[in-house]
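All remarks here apply to the structure that follows.
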Amino acid sequence: MTSRQGLGVTGGTPYGFDVGNSERGNVLKGLDLGVEGMKVGGQRLVIVPPELAYGKKGVQEIPPNATIELVASVTLLGCGVGDGWDLG
């Protein structure tokens, strides 16, 4: 996912996050659940209901109680295990 895709365009700066760690607050719970199990290079439509997105509060251009549709594509930029890198 990139920072610009929320505006309906492609490109932008890649946005990475650790799958399964949405409780840290750096990614929507619905997006976290939606990309779980994807393979590198995969693509899927992720429909995030309000209760797994921004709920009643909304944010910026996203209104309260909005259902969000995202086309998620995954590209492996690196993977880390512990203090070192493990690509195998």
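List of remarks:
- The amide H of Val48, built 1.01 Å from its N in the peptide plane, has Ile68, Glu69, Leu70 as neighbours under 5 Å, considering only residues 5 or more places off or on other chains.
- Spacing of the modelled spin labels on Asn26 and Gln60, each 7 Å from Cα toward Cβ, amounts to 1.7 nm.
- For Leu28, residues with placed amide H under 5 Å, excluding near neighbours: none
- Other-chain or far-sequence residues with amide H under 5 Å of Asn65's (modelled H): Gly55, Lys56, Lys57, Gly58
Quick note: the coordinates plus some simple rules give every number you see, no bench work behind them. Computed from a predicted model, the values in this text were never measured in an experiment. Note: ideal-geometry Cβ built from the backbone for every residue, glycine included; neighbour counts use all protein chains shown.
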